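If you scroll down you'll find the structure; I have some questions about it.
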Amino acid sequence: EKKKINTSNLKPEEKQVLSLIQENKAIFQADLIEKTGFGKAKMTRIIDRLEGKEIVERKRRGMTNIVVLRE
């Protein structure tokens, strides 16, 4: 079952990234960058904000990050 996430205070790009994470359960940060066309720095800032709201979390995988929904 999908956890209800309040997206009313999210920016459009945050919603876009969040929906990709929800579809894939876990996704590499590099894949998010590729699918959205956002730059690395922008993606990092978006994920930082989503992490700050405790919606997602990053897991280190070698040279890259996997982004997952928080339980």
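Matching residues to (1) out of contact with any strand residue (DSSP E or B) (no Cβ under 7 Å at 6 or more places or on another chain); (2) hydrophobic (A, V, I, L, M, F, W, C); (3) open to solvent by 80 Å² or more (accessible area, probe 1.4 Å):
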position	(1), (2), (3)
Ala26	no, yes, no
Gly37	yes, no, no
Lys40	yes, no, yes
Gly62	yes, no, no
Glu71	yes, no, yes
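Which count do you get for residues in segment 12-52 that are part of a loop (DSSP other than H, G, I, E, B) and without any contact (Cβ under 8 Å) to a residue 12 or more places away in the chain?
2
Answer yes or no as to whether Lys59 is outside any helix (DSSP H, G or I), of a type outside the set (S, T, N, Q) and either over 14 Å from Leu69 (Cβ atoms) or out of contact with any Pro (no Cβ under 6 Å at 6 or more places or on another chain) (or both).
yes
The values are calculated or read from the model by the stated rules, or taken from the named source; none is laboratory data. Note that the structure is predicted; figures quoted are calculated from it, not measured. Cβ atoms come from the backbone with ideal geometry, glycine included; neighbour counts cover every protein chain shown. Ligands, DNA and RNA are excluded from the accessible area calculation, which covers all protein heavy atoms including side chains. Shrake-Rupley method; radii C 1.70, N 1.55, O 1.52, S 1.80 Å.
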